[in-house]
Structures are given as C-alpha cells and as structure tokens.
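A.B. asks: Dropping a structure here in structure tokens format, bear with me for questions.
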Amino acid sequence: MRFHIITIFPEMFDSYLKESILGRAIKDKKISIKFYNPMDFCKPKERVDARPYGGGPGMVLRPEFFLKAFSKIRIKDKKKTKIILFSTSGKKFTTSYAKTAAKKYTDIILISGRYEGIDARVQKILKAEEISIGDYVLTGGELPAMILIDSISRQVKGVLGKYESLEEERVSTSEVYTRPEILKYKGKSYKVPKVLLSGNHKLIENWKNKSKK
C-alpha cells in the first residue's frame, strides 16, 4: 500500500510514523509514505493562502499549489488509486471503509487542508472523495490523515503480527486486565474478575461478549 500525502506541514507526521506498528510496516516495506508540500511550488515571497472571495474570516489555501503538488504523484493505475480530501461534511470514516480501501486500492492520496480549507476547485478537478473522521472540527487535515493511514494499514496483509491479527478479528470487550491480581488504591482493593482467572476459555469468551454490550 502506498500513501501519498499533500500537506503544508509534513513534519507533523515524523514521530507518529516512526513508532510501533507503522514504523515497522514502513521498515518492512509493507506500506510506503511520501509527502508533497504545496509550499514547494510557491515563488519567493508568494503565499500559499489568500483571502476568501465573498468575504469571511481566515485564509483559504490556493488551488494552483495543491494541484502542482498533486501532479508530482506518480499514479500507476487510476482504478486502484483513491483520492481523499478531508471535510467535516464528508462521508464518515469507519473500519469497514478501511477494510474496503485496503483491498481495493494500491495507492491512496490524502489531501490535508488548513486554515479555512482548500479552494473548492481542487476537490472538483481531482474528483476527490470528501471524508470526515467525526462530528468535530480540527485545526487541519494532518491528524485525520494519520488516522486513515493507521486504520487502513492495519488491514494490509503482513502489517499486524499474528497475535495482533487475531485480536483484530475478535469480538471482545474493551475492558481488559493484567497484573497485579489485586490493586490497592487509596485504601480500596480492586480485583480482576474471577472468570478471567478460571482458565475456562468458553466462560471467558462469554464474559467478554457480555461486557462488550
């Protein structure tokens, strides 16, 4: 899986992509990530943003620089390439979407906006699908891009280890426990549920399913 990210702040991704599962996946070449910065196409003293036509607060990212950044992406197969632009009014991103994307596409292009957004002509020209990660507003599209990379990468064969893959498919509760068996905190004792200590896998599975509901 190849991810192509168009953003004016590529440095924001550095620490997140170097750690844990994603860092390992990049090292093992299960996924690849490339950045394209629209600001690289600005002339000296030229701004990547401008005042919105029709008035209003803030600044809007200019379309020509994002289109120039996009033109640098080498698309091998258009049918297996997905172009995504983040928008609060877009389609809601889900795990189901991630699974479909991992199976259907080899290249995913993520366009991350900032300020008051990207000039709407970029979405229209590229026919990018507008995606939302939730009913809230963020400062920019970099965090949503990281979320999609993380979620979709987990569905790519070989990215997760065997144990992690098993857990990915399990239907279980988010309520988990480990040592110590009895936790003492401010004069009270908090115990691990007895069923988890029973060794009875059927009872444990039933408990997990009930706790999930």
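Computed from the coordinates by the stated procedures, all read-outs in this text should not be read as laboratory data. These numbers were taken from a predicted model, which means no experiment stands behind them. Cβ sites come from the backbone with ideal geometry, for glycine too, and all protein chains shown count toward neighbours.
A.B. asks: Cut-off under 16 Å on the C-alpha distance; same-chain residues fewer than 8 positions from Lys72 excluded. Which aspartates and glutamates are left, in chain and number order?
C.D. replies: In chain and number order, the partners are Asp40, Glu64, Asp107.
A.B. asks: Shifting gears a bit: Among Ser15, Ser87, Ser32, whose mean-square fluctuation peaks in a Gaussian network model of the chain (Cα, cutoff 10 Å)?
C.D. replies: With Cα springs under 10 Å in the chain, the top fluctuation among Ser15, Ser87, Ser32 is at Ser15.
A.B. asks: Counting only other residues whose beta carbon sits under 10 Å from that of Pro52, what net charge do I get with K and R as +1, D and E as -1?
C.D. replies: Summing Lys and Arg as +1 and Asp and Glu as -1 gives -2.
A.B. asks: Running a GNM on the chain with Cα contacts under 10 Å, which residue among Glu64, Glu11, Glu181 ends up with the highest mean-square fluctuation?
C.D. replies: Its mean-square fluctuation being the largest, the pick is Glu181.
A.B. asks: How high is the relative contact order of the chain? Use alpha-carbon pairs under 8 Å, at least six apart in sequence, and give a whole percent.
C.D. replies: 22
A.B. asks: Comparing Leu203, Leu143, Leu67, which has the greatest mean-square fluctuation in the GNM of the chain with Cα pairs linked when under 10 Å apart?
C.D. replies: Leu203
A.B. asks: In addition: Mind checking which lysines have their Cα closer than 18 Å to the Cα of Lys103? Skip sequence neighbours fewer than 8 apart in that chain.
C.D. replies: Leaving aside lysines fewer than 8 places away in the same chain, those within reach of Lys103 are Lys29, Lys30, Lys76, Lys78, Lys79, Lys80, Lys82, Lys157.
A.B. asks: Among (1) 41, 21, 16; (2) 35, 24, 17; (3) 24, 19, 17, which is the computed semi-axes √(5λ) of the Cα gyration tensor in Å?
C.D. replies: Only one option fits the structure, namely (1).
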